[in-house]
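Student: The structure that follows is given in the form of structure tokens.
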């Protein structure tokens with residue numbers, strides 16, 4: 001069984017390949033493909049319950065389409081054992097949604113609701129002996145996506161004042 005590594009490290013790509021190449025590797029993609037509709041439905045419903053302005057404005061169909069797109073790229077990265085697809089997707093979403101005035105909190109919520117839906121399915125349907133590897137590869141892909149999303153958004157935000165990232169109160173003693 002492969003050991004889990006911290007997210008966002010250069011070794012993540014090798015970790016994904018090590019797990020994929022291990023003799024007894026559990027293929028989490030089979031489970032996720034089988035449960036795709038339920039996972040996306042659960043995540044889209046959770047996103048709707050979050051009552052975030054831009055997602056409410058988008059409507060039910062668009063919310064589901066966005067969650068489906070994120071799910072698809074997570075699955076692509078898992079199938080390919082490659083973080084390039086999730087990095088590219090997260091960076092593009094961060095740029096597009098930053099320009100549209102969407103807060104980073106809303107973007108992170110989309111990742112978080114999908115992550116919760118994925119965990120529920122993976123944990124409930126995976127044998128104990130396979131759980132560490134299944135969680136490890138899913139966490140690696142989602143962590144890489146969240147990292148790319150945050151880095152890109154903050155990079156854009158540092159070029160202009162963004163109220164959701166105004167940290168000056170922390171350095172003025174909260175005044």
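Conditions (1) in contact (Cβ under 8 Å) with a residue 60 or more places away in the chain; (2) within 17 Å of the chain's Cα centre (by Cα); (3) farther than 23 Å from residue 98 by Cβ, marked per residue:
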site	(1), (2), (3)
30	no, no, yes
40	yes, yes, yes
50	yes, yes, no
67	no, yes, no
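Student: Looking only at segment 76-94, which residues are in contact with a helix residue (DSSP H, G or I) (Cβ under 6 Å, 6 or more places away or on another chain) and either closer than 16 Å to residue 140 by Cα or surrounded by fewer than 19 Cβ atoms within 10 Å (Cβ to Cβ) (or both)?
Tutor: Taking segment 76-94 as the starting set, the residues that turn out to be in contact with a helix residue (DSSP H, G or I) (Cβ under 6 Å, 6 or more places away or on another chain) are 76-79, 81, 83, 85-87, 89-91, 94.
Answer for segment 76-94, where residues must be in contact with a helix residue (DSSP H, G or I) (Cβ under 6 Å, 6 or more places away or on another chain) and either closer than 16 Å to residue 140 by Cα or surrounded by fewer than 19 Cβ atoms within 10 Å (Cβ to Cβ) (or both): 76, 77, 78, 79, 81, 83, 85, 86, 87, 89, 90, 91.
Student: Additional query: Residue 141 - would you say it is modelled with pLDDT of 90 or more and buried (at least 21 other Cβ atoms within 10 Å of the Cβ)?
Tutor: Details: modelled with pLDDT of 90 or more: yes; buried (at least 21 other Cβ atoms within 10 Å of the Cβ): yes.
Criteria met by residue 141.
Student: For the subset of segment 95-115 comprising residues that are surrounded by 14 or more Cβ atoms within 10 Å (Cβ to Cβ) and more than 14 Å from the chain's Cα centre (by Cα), which member is farthest from residue 51 (Cα to Cα)? Step through it out loud before you land on a result.
Tutor: So in segment 95-115, the residues surrounded by 14 or more Cβ atoms within 10 Å (Cβ to Cβ) come out as 95, 97-98, 102-104, 106-115.
If we keep only those that are more than 14 Å from the chain's Cα centre (by Cα) too, we end up with 95, 97-98, 102-103.
Numbers: 95: 22, 97: 17, 98: 19, 102: 14, 103: 13 Å.
Going through the qualifying residues, I end up with 95.
Student: Quick check, is residue 82 outside any helix (DSSP H, G or I), under 21 Å from residue 33 (Cα atoms), more than 9 Å from the chain's Cα centre (by Cα) and touching a residue at least 60 places away in the same chain (Cβ under 8 Å)?
Tutor: For residue 82, the condition - outside any helix (DSSP H, G or I), under 21 Å from residue 33 (Cα atoms), more than 9 Å from the chain's Cα centre (by Cα) and touching a residue at least 60 places away in the same chain (Cβ under 8 Å) - is met.
Student: Quick one: in segment 35-64, which of the residues that are out of contact with any helix residue (DSSP H, G or I) (no Cβ under 6 Å at 6 or more places or on another chain) and outside any helix (DSSP H, G or I) is surrounded by the fewest Cβ atoms within 10 Å (Cβ to Cβ)?
Tutor: 51
Student: Looking at (1) under 12 Å from the mean Cα position of the chain (by Cα); (2) without any contact (Cβ under 8 Å) to a residue 60 or more places away in the chain; (3) buried (at least 19 other Cβ atoms within 10 Å of the Cβ); (4) farther than 16 Å from residue 72 by Cα, which is the one condition that is false for residue 148?
Tutor: The number of the failed condition is (2).
The values are calculated or read from the model by the stated rules, or taken from the named source; none is laboratory data. What you are looking at is a predicted structure, and each value in this text was computed from that prediction instead of being measured. Here the Cβ is made from the backbone with ideal geometry for all residues, glycine too, and neighbour counts use every protein chain on show.
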